[in-house]
1. Inspect all residues belonging to region 71-82 and state whether any of them is among the hydrophobic types (A, V, I, L, M, F, W, C), more than 13 Å from the chain's Cα centre (by Cα) and in a helix (DSSP H, G or I).
2. Go through region 5-32 and count every residue that is open to solvent by 70 Å² or more (accessible area, probe 1.4 Å) and in a loop (DSSP other than H, G, I, E, B).
3. So, in region 33-61, of the ones that are under 11 Å from the mean Cα position of the chain (by Cα) and in a helix (DSSP H, G or I), which residue ends up surrounded by the most Cβ atoms within 10 Å (Cβ to Cβ)?
Amino acid sequence: MNLQAPYSLIALIAFALLVNLPLGYLRAGARKYSAYWFAYVHLSIPFIVLLRLEQGLTWRVIPLTLGSAVAGQYLGGLLRNRRKQ
C-alpha cells in the first residue's frame, strides 16, 4: 500500500456505507425476495468493486467494504421503519 491507500480505504468504506443508506431504505419497503428487493441489495456492489480496483486496493479490504454496505442497508431499513412509526 502507498501513502494514499489509507485515505482511499476510508473513502471506499464511506462510499459503501453512504450509497447503501438509501438503498436499504428502499429495500425495507420492497416485498422480500422480489426483483426490487434483490436489486436494492446488490446494486452498489459493482460500483464498490470498481472503486476498489481503481484505487489499487487488494482483496483484503473486501470484508470492510462488505461490512460497511451491510451496515448501510441495515441503517437505511431502520430509518424507514422508524419513519413509519
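The values are calculated or read from the model by the stated rules, or taken from the named source; none is laboratory data. Not measured: the values here are computed from a predicted model. No Cβ is skipped: glycine too gets one built from the backbone with ideal geometry, and neighbour counts run over all protein chains shown. Please note that ligands, DNA and RNA were not included when accessible areas were found on the heavy atoms of the full protein model with its side chains. Shrake-Rupley method; radii C 1.70, N 1.55, O 1.52, S 1.80 Å.
1. Yes.
2. 2
3. That would be Y40.
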